[in-house]
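Input: a single structure, listed below in structure tokens.
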Amino acid sequence: MPAKRLLTAILAGLFVPAFFAALFIGRYTLLPAEVVSMLVAWLGISGNLADWPDAAQVVLFQVRLPRLLMALLVGAALAGSGTALQGVMRNPLVSPYILGLSAGASFGAALVAAFFGDVYLFRQLFAFLGGVIATVAAYRIARVRSETPVLSLVLSGVLVGAFFTALLSMIQLFVDPYRLAGIIFWMMGGLHRSSWTAVQLSLGPVLFGLLVLYKLRWRLNVLSLGDDEARSLGLSVGKERIIFIGIATMLAATAVAFCGSIGWVGLMIPHMARMIVGPDHRVVIPFSFSLGAVFVLLSDTMARSLFEFEIPLGVITTLVGVPFFAYLLKKGEAAW
Amino acid sequence: MVERITVENLSYRYDDHKWALQDISFKVEPGEIFALFGPNSCGKTTLLRCISSLLKPKTGIIRVDGLNLAGMPAVKQARRVAVVHQIHQSTFPYNVETMVLMGRTPHLGFLGTPDSAALTVARKSINDMGIGHLADRYINTLSGGERQLVLIARSLAQETGVLLLDEPTTYLDFRNQNQVLQQVRSLVEKRDLAVIITLHDPNLVIQHAHRVLLLQEGKVVGIGAPREKLRRETLEEIYHLPVEEVTSGDHFFLVPRDGCCHDHE
């Protein structure tokens with residue numbers, strides 16, 4: 001459809017400037033031409049990377065490039081997770097954190113911070129496990145007589161979220177104040193600790209999750225019709241719902257483990273995607289991945305360059321997301 | 001003629017409540033519209049949900065083309081039985097073409113998306129229902145009657161031999177009721193479908209169905225040609241309402257008589 005091609009072109013048009021802006025904007029000045037030349041040399045196309053100062057190389061290749069890639073991965077993962085969950089639960093107000101994932105992950109990360117301090121990867125592992133355990137618990141609680149009604153699922157997610165939030169409060173109450181600040185900053189979400197290790201560890205689960213969602217995007221259309229209609233159209237509703245929730249959980253838990261709870265991306269991006277390309281998940285799914293990636297990349301560039309100090313990314317996405325959502329509600333288009 | 005669908009000694013109850021259906025048996029042939037008729041809570045929808053495998057009968061067997069539906073995977077069932085449910089509430093308002101394309105899902109692989117062959121079948125179903133002009137419209141912008149035709153078109157795209165329609169005329173006005181049922185009749189003739197339909201209006205049953213099964217409190221109280229089975233005394237018995245028979249030329253109607261409903265003694 002020409003309109004969709006045009007929109008894809010606009011999105012690509014957004015992506016290229018966002019990509020380069022993320023590489024040359026920052027406290028260490030790198031001109032666009034320098035960034036391009038260094039990238040060309042890095043890729044071995046032409047020029048010698050040794051000609052550039054060490055500081056410039058470190059800033060570009062050890063700080064900004066892995067951070068940019070993490071932004072793209074996290075944005076696509078959260079947007080994909082939100083789109084899948086909204087479709088499966090037939091509720092456009094669902095976010096990846098609806099089943100208590102964020103609270104569980106925060107508890108896992110805080111537990112490590114409280115008892116072991118800031119141990120890299122150990123914290124990420126516990127955050128991931130905390131998120132997954134919370135989601136599985138919510139699913140188990142909602143399951144009654146071999147069925148898992150969507151309403152029960154949402155309610156049990158609220159319960160599990162409240163439980164882990166209470167546990168988190170207990171930790172915050174007893175923890176060393178110095179470590180408490182670290183916990184709170186982590187919970188606000190941000191990409192400031194991105195590294196090649198983080199990119200390598202998150203790349204596999206994120207790409208796998210996105211690929212599965214992409215391949216199953218037609219079934220998401222059918223599942224979103226409701227249990228009875230989906231069953232009559234040949235879907236094994238219970239099993240397929242578990243697949244979607246499992247993949248959405250893996251995507252969001254990976255994002256949260258490395259970057260903390262970044263709010264509103266998983267709720268808002270699927271809405272924006274549906275407003276632009278319509279509700280068909282064959283188009284919404286890939287569009288939402290791309291839009292989420294670009295949105296988080298732009299937000300992160302703003303988060304680290306607007307002021308002298310870095311603002312947590314979660315704060316930026318929320319400050320942009322809430323007014324936008326209020327606008328949607330006023331316009332009456334939030335039904336999508 | 002070979003039966004398309006056979007129901008034998010089917011019984012069902014919800015948890016420990018009393019039996020919602022007891023010992024139901026009937027057969028439906030290709031090219032036949034078979035109506036389920038009876039008052040609210042008589043078990044019509046429960047029976048239809050059992051046949052569509054949304055409920056598991058406590059006893060009895062349902063066969064389609066001689067094959068037992070019990071234990072058959074959902075995808076294989078959906079290639080044999082299509083269902084138009086009583087209520088369709090779209091969270092995401094897909095357009096008509098996409099809605100009807102969803103009828104091809106049982107014929108796709110697990111990771112598949114509809115191809116051009118699927119689109120051809122969907123477009124034929126849309127045209128067969130006479131709604132080609134609505135193909136690009138979003139479902140939430142359609143009238144109740146148009147939506148019902150879209151859902152029937154989707155079930156046609158499944159290319160099954162059996163079509164189950166659960167109260168397809170409930171929310172429709174006089175004109176749309178007639179339009180939907182006329183379309184169903186013409187499809188049954190064109191595609192040799194076996195249709196099981198639940199209806200509330202005895203006159204629609206008389207006008208459109210080949211046979212009727214009368215249900216009362218989960219039991220069969222009559223089965224046969226609508227004009228023979230839907231008589232004044234039967235309706236008065238199961239609805240506790242004074243009824244009058246009106247004949248005009250070849251037409252036969254049942255209308256409520258003036259006066260108060262009486263309680264069942």
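Some values worked out for this structure:
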read-out	value
Approximate spin-label separation A:VAL315-B:PHE253, in nm, with each point projected 7 Å along Cα-to-Cβ	7.4 nm
P(r), alpha carbons of segment A:233-299 - 10 Å bins starting at zero, rounded %	18, 44, 32, 6, 0
Those lysines that a straight Cα-Cα span of less than 21 Å connects to B:LYS58, excepting residues fewer than 8 apart in one chain	B:LYS18, B:LYS27, B:LYS44, B:LYS219
Positive-end residue of A:PHE20, A:ILE98, A:LEU313, charge dipole of chain A with Cβ unit charges	A:ILE98
Highest average packing first - B:183-189, B:61-67, B:34-40, B:14-20, Cβ atoms within 10 Å	B:34-40, B:183-189, B:61-67, B:14-20
Kyte-Doolittle mean at least -1.0, axial Cα span of 20 Å or more - DSSP H helices of chain A	A:2-24, A:65-88, A:101-116, A:122-142, A:150-174, A:196-215, A:237-259, A:281-305, A:313-331
Partner aspartates and glutamates for B:LYS56 [C-alpha distance under 17 Å; skip if fewer than 8 residues away on the same chain]	A:GLU147, A:ASP227, A:ASP228, A:GLU229, B:GLU8, B:ASP15, B:ASP16, B:ASP23
Stokes-Einstein translational diffusion, chain A - Kirkwood Rh over all Cα pairs, 0.692 mPa s, 37 °C, in µm²/s	159 µm²/s
Spin-label model distance (nm) - A:VAL16 vs A:ASP176, 7 Å beyond Cα toward Cβ	5.1 nm
Once exposed loop GluC sites (Glu not before Pro) are cut out (DSSP; at most 13 other Cβ, 10 Å), longest piece of chain A	A:1-307
FRET efficiency, A:GLU308 to B:GLU233 (Cβ-Cβ, R0 60 Å, nearest 0.05)	0.10
Rounded, prolate or oblate (a/c below 1.5 giving rounded, otherwise prolate when a/b exceeds b/c) for segment A:186-336 by Cα gyration tensor	oblate
Distribution of pairwise C-alpha distances over the protein assembly as shown, 20 Å bins, in %	18, 42, 27, 12, 2, 0
Electrostatic dipole magnitude of chain A [Cβ: Lys, Arg +1; Asp, Glu -1; Cα centre; debye, to 20]	800 debye
Sorted by Cβ density within 10 Å, fewest first, the residues A:ARG217, A:ARG140, A:ARG67, B:ARG79	A:ARG140, B:ARG79, A:ARG217, A:ARG67
Residues A:VAL283, B:VAL7 arranged by fewest to most Cβ contacts within 10 Å	A:VAL283, B:VAL7
Translational diffusion coefficient (Stokes-Einstein; Kirkwood radius from C-alpha pairs) of segment B:10-158 at 20 °C, 1.002 mPa s, in µm²/s	125 µm²/s
Of the DSSP H helices in chain B, those whose Cα atoms cover at least 30 Å axially and whose Kyte score averages -0.5 or more	none
log₁₀ of I(q)/I(0) at q = 0.07, 0.12, 0.15, 0.17 Å⁻¹ - chain B, Debye sum with one point per alpha carbon	-0.26, -0.75, -1.14, -1.38
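All of the numbers you see were taken from the coordinates with simple rules; none came from a lab. None of the values given here were measured: they were computed from a predicted structure. Virtual Cβ from ideal backbone geometry, glycine too; neighbours counted across all protein chains shown.
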